[in-house]
Ligand SMILES: *[C@@H]1O[C@H](CO)[C@@H](O)[C@H](O)[C@H]1NC(C)=O
Ligand SMILES: *[C@@H]1O[C@H](CO)[C@@H](O)[C@H](O)[C@H]1NC(C)=O
């Protein structure tokens, strides 16, 4: 499905979603038939499945890695803007290759992790050593964080040549935070932690790039269905979708912007945010400008403002004034043939779907464009990514009012529903986001 578009290339591709489905089908077969093996073979890229999970209050996107010695499969929730990996070490963590990160070690400095002054009263075990550095294990779904020992262990994942998952490869000292079990609250059953894909040095993209000497790049496609897997590539393309369509040369790019502050609004020196930001300059609905306060859309000195992308939020959240302007323009463009009906939480604008037709890019509703670095590059949201079916005859615009600027540090948070079934490539080295046109 098209996403980033240019003016002269606006035709949606009819066949692309079909290729995706075929790809996912073959992917799962190959994935389960691969056997774990560790060699010195150097992969060009890695590939992991992404599974949409609706068993909790949130929608979460899960992946699976193998970790420890002997290797065990570990299910993790993916957090696109998360800074690193944390795993529950308190329950059932058995491994002969776990290494604590002691204060002053290279691991602690790479992780920018402070030294823990506390003592571990028991015998040493993963998550409980003296004189280690610590990081916060953040559960972004329930807004909880807790300190945990930094450590490293073997991680084994399938490599790929772009077509199918291939042999497993191992990163022998993959850094993560060893967290207590209670912090997994709100994650689906059997999920042991959160995998941060953010731009920090110990984020998954940077650690895999360092371990296998490939570019700091990853690509993700979230599936809209719980029955077919999405996909997460680390490293460079080719990304080949059946039948033999190589897509990494067809991407359109927009700059990824650096937010200087991890804790926006606090005026002390901090690390840059691990989250990904893009430069939305204006919003158009059916090609007509929506009046919004564009100064909100810039990232300021304190790290406030701007547009970020999140897999933790199931739907796009907008600051109240922007949200209202978007709803107003959308209702006007939709016209009288789709009457507004009572809102269904968390959405504010719902419509009778009786007269809304279907197209190959979802319900036939006005397009919503997030205009990027210039008028010719925009993120176009079609009905498939804008409308949520809440009942047989009601469709809601899948955007949520996030409150005013005191409640929202970033006035636009692009949520997972708006990303689904689109291939997004995050190129950290060149600081740009690519998508298919
Ligand atoms: C940490 O140090 C304390 C005090 O020396 C000791 O009693 C305890 O056993 C040590 N714990 C570990 C995990 O080494
Ligand atoms: C636009 O937003 C900025 C930043 O919050 C604010 O200072 C300014 O007053 C707003 N302008 C209008 C016209 O509301």
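The values are calculated or read from the model by the stated rules, or taken from the named source; none is laboratory data. Note that the structure is a prediction, hence the values are computed from the model and not measured. Using ideal geometry, Cβ is built from the backbone for each residue, glycine included, and neighbour counts are taken over all protein chains shown.
Going residue by residue through the stretch 66-75, is there one that turns out to be over 21 Å from the mean Cα position of the chain (by Cα), in contact (Cβ under 8 Å) with a residue 12 or more places away in the chain, within 16 Å of ligand 1 (Cβ to nearest atom) and surrounded by 18 or more Cβ atoms within 10 Å (Cβ to Cβ)?
No, the stretch 66-75 has no match at all.
With respect to residue 289, determine if the residue is outside any strand (DSSP E or B), assigned by TED's automatic domain parsing to the domain that holds residue 410 and touching a strand residue (DSSP E or B) at 6+ places or on another chain (Cβ under 8 Å). If you could, list the steps in order and put the result at the bottom.
Details: outside any strand (DSSP E or B): no; assigned by TED's automatic domain parsing to the domain that holds residue 410: yes; touching a strand residue (DSSP E or B) at 6+ places or on another chain (Cβ under 8 Å): yes.
So residue 289 fails the test.
Please specify each residue of the stretch 292-341 satisfying the condition of being more than 10 Å from ligand 2 (Cβ to nearest atom), under 23 Å from the mean Cα position of the chain (by Cα) and assigned to a loop (DSSP other than H, G, I, E, B).
Of everything in the stretch 292-341, those that are more than 10 Å from ligand 2 (Cβ to nearest atom), under 23 Å from the mean Cα position of the chain (by Cα) and assigned to a loop (DSSP other than H, G, I, E, B) turn out to be 299, 303, 306, 310, 311, 312, 313, 314, 315.
If the requirement is being within 16 Å of ligand 1 (Cβ to nearest atom), within 28 Å of the chain's Cα centre (by Cα) and either crowded, with 21+ Cβ neighbours inside 10 Å or outside the structural domain of residue 313 (by TED's automatic domain parsing) (or both), which of these qualifies: 123, 138, 149?
That would be 149, the only listed residue that is within 16 Å of ligand 1 (Cβ to nearest atom), within 28 Å of the chain's Cα centre (by Cα) and either crowded, with 21+ Cβ neighbours inside 10 Å or outside the structural domain of residue 313 (by TED's automatic domain parsing) (or both).
Determine whether residue 263 is in a helix (DSSP H, G or I) and either within 16 Å of ligand 1 (Cβ to nearest atom) or farther than 18 Å from residue 165 by Cα (or both).
Judged against the criteria, residue 263 is not a match.
One line per residue, one yes/no per condition, for (1) assigned by TED's automatic domain parsing to the domain that holds residue 108; (2) surrounded by 24 or more Cβ atoms within 10 Å (Cβ to Cβ); (3) within 17 Å of the chain's Cα centre (by Cα); (4) more than 20 Å from residue 313 (Cβ to Cβ):
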site	(1), (2), (3), (4)
177	yes, yes, no, yes
181	yes, no, no, yes
199	yes, no, yes, no
204	yes, yes, yes, no
213	yes, no, no, yes
225	yes, no, yes, no
230	yes, yes, yes, no
